Structures are given as structure tokens and as C-alpha cells.
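Below is one structure, written out as C-alpha cells, with a few remarks after it.
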Amino acid sequence: MSNIIEIKKLRKVYGDGVELVALDDVDLTIEEGEVLAIVGPSGSGKSTLLNMIGLLDTPSGGEIWLKGQNITKASPKERARLRNKELGFIFQYHHLLPEFTAVENVMMPLLIAGMDKKEARHRAITLLEEVGLGDRLNNRPNQLSGGQNQRVAVARALAGHPSIVIGDEPTGNLDSKSSDMIYELLRKLNREMNQTFILVTHDMDMAEKTDRILRLVDGRIVCEMRREGDEFVSRDICRAD
Amino acid sequence: MRLTYDLGCLIHHEVIPLFELFVAKKHLVSRRRQTLLVVGAVALAVAITILFRSLINGFETTLNEIIFQFVPHVTVLPEGSESYIHLYKTLIETIWEIPGVMAVSPALSTTASFAHDDHVENVVLRGVVPYELNMISKIGIDYMVAGDLDSIQNGRRVALDQGLADELEVNLGDTVQVSFPDARTMSLVVSGIFDTGGFSTNYAYVSMETARDFLGEGNVVTDVQIKLEDIYQADEVASELEARGYNAESWQSQSGIVETIESRRFTNTLIMLLVIVIASFGIANIMNLLVLEKTREIGMMMAMGAAPKSVRKIFLIESGILGLAGGLGGCLIGYLIASYVNSLAIAISSGPSFSVILTFIVDPWDILAFPLITLLLSVVAGVYPAHQASKLDPVIALRG
């Protein structure tokens, strides 16, 4: 398998005056088709790392390579294009556009990409059927439950066939039943389409279902565990903290 | 096939961006009340401006019609310090040689005191030939309320204005005493009363002979009035007469009313435009609120790959639509009100034989210009909020 993401000595420092180091020389390689969980306490830099990978934020130092291309200093326009083409986002809060129906929300990344409206609609309907919302196509977010909205968000994240799907606490607002459903959905899509999933989560049950778990503390990866069969094996020394 | 695809791309992404239009339209429709409110404000400002301008147009047209019924197009006056034009027959022949001359009416005009019982009034007394006067101002044809104008040819008779008759309390057949220093006092019988609704106040007409007797003058006149086929030829005719050594004035140089109307129209249009500008900048306010309200969603659109340029376009399109809708709506409202009022044919009367119909004349250029003006203004108003939206950092925007 080839490396889809390579991160070299990535740094992010916030604030002027009192500096806050959010990411401290992080090195990370993510393989294509991998399902990766990033865990760690609040403020450990999980979301910052995710925003860097998602090209939403720019690093203070180090390099990010996406599919063999150094995108560290890409222009805002190029980053927007890459986000649209290569990345799908699922956030803790669904962030659906409230005026638009489920199907219109799923169409959005496709319309941004310049796809024909009819074609986009067709693809959006297929995706919504796949996430089990075939009968909710024309409902707006306020007419859907939390779990349903999050499933629409999943469909939207997958609409443009992204190579990487990023989830920032994608099930953080859901009960355990909806949460399991979302995870199973993601896993199924991963198996079918070999998409790479990078999930930030507090939920250790979910993390333990992934292929690899990274533990971040104070902007450093302190522990990396890789699945081998049903067991997680720690590769590096996992510092007790 | 390839060509049509490319053409489709051009339409969707360059001229009318599909995604941006899709979002903009949805924002406007889902915020129906705010949209209607701001469109309504712009429409109202535009409608009022259009109505005002068409009222001025109507007023001007009516006024021109009136002016050209009573006011001569060119007037020849005595030279310099002279009181009279002596060789006026030659002058009249010269005038008739000019192409486009429709009527020529010489007059011997003076001020006189009219007295009846205890009433005394200062009057402009003009000695005229009724037939010639009628060619200039149709007083004897359209504006007589009693008697007739031709009767002044029969000796010591006078036709006078209704207002003047009221002041003097005279009726047809009454006798007025006419006097003036250095003039021969005489009695004149009222043989005609006319009413032009204020355009001939204090005017009285007598025959040329009566006027000459009164002044004790010979074959002279004080002015010669000319009517032309084309009123805008007046300046040309006046200068031609000037070149031949006469003192001639065109209606343009005499009547300040045209300038007054024009400057009125200009200053008022300026004020109205300011109102439109203010209404259009209501759009800026709405847009600012919208950007604040939609911050998270803008962040999400950016995460989905919407470029800053796209985000900017969304808000520019929205304000543009608001402005254009306001402009078009205003034109429609203005036009409908104007048509309705015109259909009522409201008469504004001033005197029994004289009334003006309240008329709005909507200038077609206004219908074209105002939607363009409001479109332009609203896009300008949208520039700042749209720029703010496009500058949002998606990470911060998503946090809300």
C-alpha cells in the first residue's frame, strides 16, 4: 500500500506573546485505505492535526505531503480545490446547510466541483439510499433526527469520491446506537471503496475498532498501536501518562 | 458534443456560477420576510423617484402646451431707447419672408387705468387686430366667456380678462373709464370677456385705432409677435431678425420657466437618488447580518472546497438580486400608479374655461436606468460583506 499522507516535523504554534504549541514536531505516515483513530485529552492537538491534514489550517513549520505532492504552501485556491477533490469532512456537529434538503446538502460538494445539477442529484440520491435515508431525501435538517442528520453528513462527505474522509468526533453528539450505526457505515464504505478514514474520537470503543490508534498528548504522538488480528500491538514505547 | 459541454461549462462556471446561484437563491427564498422588506424599501424609493420624474414630465409637457398657446415664439421690440416700431409694415413683410412663420401679430401696447364705479385697476391695454391675435393665442376662439373679440373693431369697445372684470365689477355692456397721464381719457364699452386661467391677468384688448387714439400716436406699434411652425426654430429666427437690425427675442430667452423646471428636475432627482442610495445600502446591512448568521455554514462550504472567490460571489449575487428586484419592482409600481392616476383623468382647474389634467409621463429611459442603477448600487453595497465572508478562516468559522 502506498502512503497517502506523509507528515514531517509538523509544528503549529498559536498566539502572539504567550505561545501555545499545539503540535510539536509530529511525524506521521498514513497509508491508503487505512482507518486511523486519533485519541487524546482535550487540548492535546488532535483537532489541530486533523485540520492540518484536512487542509483547513496551515502549519507553522514542517511539511505535509498528500499523494506525493507537497501541499504545505499551497495557495488558498489550490487548497480549496484539493479539499473538494480529495477530502471529505464529518464534524461532531453535522454542519448541514439549514435551508437545503438532505439531497441538496449532499449535492453541494458536487456542485462546487462543477457537476451538472441533474447528475449531482442522481449521485446524492444513490448515496442517501446507501446510508438508509432514501425516504428522507427532501427533508431539511430541522426535520431530521441527530443520527439522521449525521448520516446525511456522511453521505455528503463521501459525495465527491474523496480519497480521505476526516471525522472530527463524528459520533460525539449521538447515542451509542446511532454511533455504532455511523461507524459501521464508515467501515463498510472503507471496505468497499478503499477510502482512508482519519477519525478523532473520545470514544475508545470506536477507536478500538480501527486499524491504528494514535495517542496525542501536548502536541506529540506519545503512543501508536496497530491492529494485528484482534489485538492492538504497541509499536513504540507507550509512555504512561 | 465536446463543444456543447464546453459551452455548458462556460455558462455554469463563468457567467452564471451554478453553485453560487443555488446557494444565493436559497438564502433569499428562505429569508423571505427580510428579502421582501429590503426589496420593498428599494422599490418604494425607485417608484417615488419615477413618479416624481414623470409628474415633472407631465407638468412640463402641459406647461409647454399652455405656453405655446399664449406666448409668442418670437417677439420683435423697439430698438434701444425707442418707444415704438415705426416702419412696422416693412418689418412684417420681412418676417413673412422667413420660412416657417405661421402668424404675425403687431400690437400697440400701453399701461392704462381702468375705472368703474369706485374700482380702479392698472391694465395692460393692447391694440390689436383680432384675426391676427387669434393666430397667436386663440383668445378670441377658445377663451371667450362672454361677447366676442371681433367686436372691438366696432369703435370704442374693449375685451378684457375675467379676473379684471371681477375686480372692476363690470359685465358685458358696462362702460369703463380709461385714462393714463399724457393719454386721452376715454370711455370704452365692455364687449367681450375672456378667461385663460391666469395667463392674461390684467389684459384688455382694443382695436389698433382705439389704442392709437388713446395714445395720440400715428401708425406705430410697440411689438410684433410671431408664431412659428417649429418652436425650436425661434432662436434662429430671432437672430436672423437681429442680423437685419431689429430687436428680436425668442421664447427661450424670454421665459425663465423652462430653466426653472430643468433645475427643479435636476435637484429633485439628485435628492431622490440619495434616497435610493440609502435604500440600497439597506442591502449592505442585510448582507452583513447574513454573513454573521451564516458563518458556520460558510466555514462548511469552504471545507467542502468552495474557494474564497465562490463565497464572495454568493453574497455579491445575493445583493445584486435584491437590488435588481427592487429596481424592477419600483419601476412596475411607479408605472402602475402613473397609469392608474392617468386613467382617472384628475382635472386641476383654474378658472371655468381652463383646466389641466394631472398627467404622469413615464420616461422609458427611467424604466431602463433605475433597475441598472439599483443593481449597481446593491452590488457595491454587497462588496464589503462579501469580502468579509470570503476572508473567513474555515477553522474559526466552523467553530462558529
message = Being open to solvent by less than 10 Å² (accessible area, probe 1.4 Å), over 14 Å from the mean Cα position of the chain (by Cα) and away from chain B (no Cβ under 14 Å): is that true of A:Val21 here?
response = no
ask   = If you check A:Asp218, A:Asp180, A:Asp230, A:Asp175, which single one turns out to be in contact (Cβ under 8 Å) with a residue 60 or more places away in the chain and surrounded by fewer than 18 Cβ atoms within 10 Å (Cβ to Cβ)?
value = A:Asp218
inquiry  = Suppose we filter B:Ile314, B:Ile283 for residues that are touching an Asp or Glu at 6+ places or on another chain (Cβ under 9 Å), away from chain A (no Cβ under 14 Å) and surrounded by 20 or more Cβ atoms within 10 Å (Cβ to Cβ); which single one remains?
reply    = B:Ile283
ask   = Given the conditions (1) buried (at least 16 other Cβ atoms within 10 Å of the Cβ); (2) without any contact (Cβ under 8 Å) to a residue 24 or more places away in the chain, which single one is not true for B:Ser81?
value = (1)
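In a loop (DSSP other than H, G, I, E, B), in contact with a helix residue (DSSP H, G or I) (Cβ under 9 Å, 6 or more places away or on another chain) and more than 16 Å from B:Ser207 (Cβ to Cβ): which single residue out of B:Val120, B:Val170 fits that description?
B:Val170
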remark   = Of (1) modelled with pLDDT of 90 or more; (2) assigned by TED's automatic domain parsing to the domain that holds B:Thr269, B:Glu60 fails just (1)
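Would the stretch B:210-232 turn up any residue that is at pLDDT below 85 and open to solvent by less than 20 Å² (accessible area, probe 1.4 Å)?
Scanning the stretch B:210-232, I find no residue that is at pLDDT below 85 and open to solvent by less than 20 Å² (accessible area, probe 1.4 Å), so the answer is no.
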query = Just to be sure, is B:Ala338 within 20 Å of B:Leu28 (Cβ to Cβ), more than 14 Å from every other protein chain (Cβ to nearest Cβ), assigned to a helix (DSSP H, G or I) and open to solvent by less than 20 Å² (accessible area, probe 1.4 Å)?
reply = no
ask   = Is there a residue in the stretch A:172-182 that is out of contact with any Leu (no Cβ under 7 Å at 6 or more places or on another chain), closer than 21 Å to A:Asn3 by Cβ and not in a loop (DSSP other than H, G, I, E, B)?
value = no
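Of all residues being part of a loop (DSSP other than H, G, I, E, B) and open to solvent by 10 Å² or more (accessible area, probe 1.4 Å) in the stretch A:141-170, which is nearest to the other protein chains (Cβ to nearest Cβ)? Just the residue, please.
Taking the stretch A:141-170 as the starting set, the residues that turn out to be part of a loop (DSSP other than H, G, I, E, B) are A:144-145, A:160-163, A:169-170.
Of the ones still in play, those that are also open to solvent by 10 Å² or more (accessible area, probe 1.4 Å) are A:144-145, A:160-161, A:163, A:169.
Values: A:Leu144: 16, A:Ser145: 20, A:Gly160: 8, A:His161: 13, A:Ser163: 13, A:Glu169: 12 Å.
Restricting to residues being part of a loop (DSSP other than H, G, I, E, B) and open to solvent by 10 Å² or more (accessible area, probe 1.4 Å), the top hit is A:Gly160.
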ask   = Given the conditions (1) open to solvent by 30 Å² or more (accessible area, probe 1.4 Å); (2) aliphatic (A, V, I, L, M); (3) more than 14 Å from chain A (Cβ to nearest Cβ); (4) over 20 Å from the mean Cα position of the chain (by Cα), and given that B:Leu392 satisfies all but one, which numbered condition is not satisfied?
value = (3)
ask   = Tell me, which residue of the stretch B:156-167 that is in a strand (DSSP E or B) and among the aliphatic types (A, V, I, L, M) is surrounded by the most Cβ atoms within 10 Å (Cβ to Cβ)?
value = B:Ala159
request  = Scan (1) at pLDDT 85 or above; (2) within 14 Å of chain A (Cβ to nearest Cβ); (3) open to solvent by 30 Å² or more (accessible area, probe 1.4 Å) for the single condition B:Ile11 breaks and write down its number.
outcome  = (1)
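Is one or more of the residues making up the stretch A:2-18 assigned to a loop (DSSP other than H, G, I, E, B) and touching a Ser or Thr at 6+ places or on another chain (Cβ under 8 Å)? Quick ask: steps written out before the conclusion?
Initially, the stretch A:2-18 is screened for residues assigned to a loop (DSSP other than H, G, I, E, B), giving A:2, A:15-18.
Keeping just the survivors that are touching a Ser or Thr at 6+ places or on another chain (Cβ under 8 Å) gives none.
No, the stretch A:2-18 contains no residue that is assigned to a loop (DSSP other than H, G, I, E, B) and touching a Ser or Thr at 6+ places or on another chain (Cβ under 8 Å).
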key: Of all residues making up the stretch A:119-128, the number that are open to solvent by 10 Å² or more (accessible area, probe 1.4 Å) and either within 15 Å of A:His161 (Cβ to Cβ) or within 11 Å of chain B (Cβ to nearest Cβ) (or both)   = 4
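For the stretch A:69-80, does any single residue satisfy the condition of being touching a residue at least 40 places away in the same chain (Cβ under 8 Å) and open to solvent by 30 Å² or more (accessible area, probe 1.4 Å)?
Applying the first criterion (touching a residue at least 40 places away in the same chain (Cβ under 8 Å)) to the stretch A:69-80 yields none.
No, there is no match, as no residue in the stretch A:69-80 is touching a residue at least 40 places away in the same chain (Cβ under 8 Å) and open to solvent by 30 Å² or more (accessible area, probe 1.4 Å).
Taking the stretch B:107-146 as the search range and keeping residues that are polar (S, T, N, Q) and farther than 15 Å from B:Phe180 by Cα, which one is surrounded by the most Cβ atoms within 10 Å (Cβ to Cβ)? Even if it seems obvious, please write down each step before you answer.
At the first step, the residues of the stretch B:107-146 found to be polar (S, T, N, Q) are B:109-111, B:113, B:122, B:134, B:137.
Filter again for farther than 15 Å from B:Phe180 by Cα, leaving B:134, B:137.
Details: B:Asn134: 18, B:Ser137: 24.
Here the answer is B:Ser137.
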query = Is there a residue being within 19 Å of the chain's Cα centre (by Cα) and more than 14 Å from chain B (Cβ to nearest Cβ) anywhere in the stretch A:75-91?
reply = no
task = Consider only pairs whose beta carbons are under 6 Å apart and that are at least six residues apart or on different chains; among these, list those whose first residue lies in the stretch B:135-155 and is without any contact (Cβ under 8 Å) to a residue 60 or more places away in the chain and in a helix (DSSP H, G or I) and whose second residue is among the hydrophobic types (A, V, I, L, M, F, W, C) and surrounded by 16 or more Cβ atoms within 10 Å (Cβ to Cβ).
result = B:Gly140/B:Leu149; B:Ile152/B:Ala159; B:Ile152/B:Val206
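I need the full set of residues from the stretch A:58-74 which are touching a strand residue (DSSP E or B) at 6+ places or on another chain (Cβ under 7 Å) and either at the interface with chain B (Cβ under 10 Å from one of its Cβ atoms) or part of a strand (DSSP E or B) (or both), in order please.
The first filter runs over the stretch A:58-74 and keeps only residues touching a strand residue (DSSP E or B) at 6+ places or on another chain (Cβ under 7 Å), leaving A:59-67, A:70-72.
A:Gly61, A:Gly62, A:Glu63, A:Ile64, A:Trp65, A:Leu66, A:Asn70 - these are the residues of the stretch A:58-74 that are touching a strand residue (DSSP E or B) at 6+ places or on another chain (Cβ under 7 Å) and either at the interface with chain B (Cβ under 10 Å from one of its Cβ atoms) or part of a strand (DSSP E or B) (or both).
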message = Against the condition open to solvent by 20 Å² or more (accessible area, probe 1.4 Å) and at pLDDT 95 or above, how does B:Leu358 come out, does it pass?
response = no
task = Scan the stretch A:106-126 and report the pairs whose first residue is closer than 23 Å to A:Asn149 by Cα and whose second residue is modelled with pLDDT of 95 or more and among the acidic types (Asp, Glu), with Cβ atoms within less than 8 Å and a gap of 6+ or a chain change.
result = A:Ala124/A:Glu104
key: Given (1) part of a strand (DSSP E or B); (2) within 14 Å of chain A (Cβ to nearest Cβ), number of the condition B:Ile348 does not satisfy   = (2)
ask   = Any idea which residue in the stretch B:14-24 is surrounded by the fewest Cβ atoms within 10 Å (Cβ to Cβ), counting only those that are more than 15 Å from A:Asn105 (Cβ to Cβ) and modelled with pLDDT of 90 or more?
value = B:Leu21
message = open to solvent by 50 Å² or more (accessible area, probe 1.4 Å), under 30 Å from A:Ile166 (Cβ atoms) and free of Cβ contacts under 8 Å to residues at least 12 places away in the same chain: which single residue out of B:Glu293, B:Glu262 fits that description?
response = B:Glu293
query = Has the stretch A:109-117 got any residue that is surrounded by 17 or more Cβ atoms within 10 Å (Cβ to Cβ), within 22 Å of the chain's Cα centre (by Cα), away from chain B (no Cβ under 14 Å) and part of a helix (DSSP H, G or I)?
reply = no
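The values are calculated or read from the model by the stated rules, or taken from the named source; none is laboratory data. Treat the numbers as computed from the prediction; the structure is a model and nothing was measured. Note: ideal-geometry Cβ built from the backbone for every residue, glycine included; neighbour counts use all protein chains shown. Side chains are part of the model used for accessible areas, which takes the heavy atoms of the whole protein and leaves out ligands, DNA and RNA. Shrake-Rupley method; radii C 1.70, N 1.55, O 1.52, S 1.80 Å.
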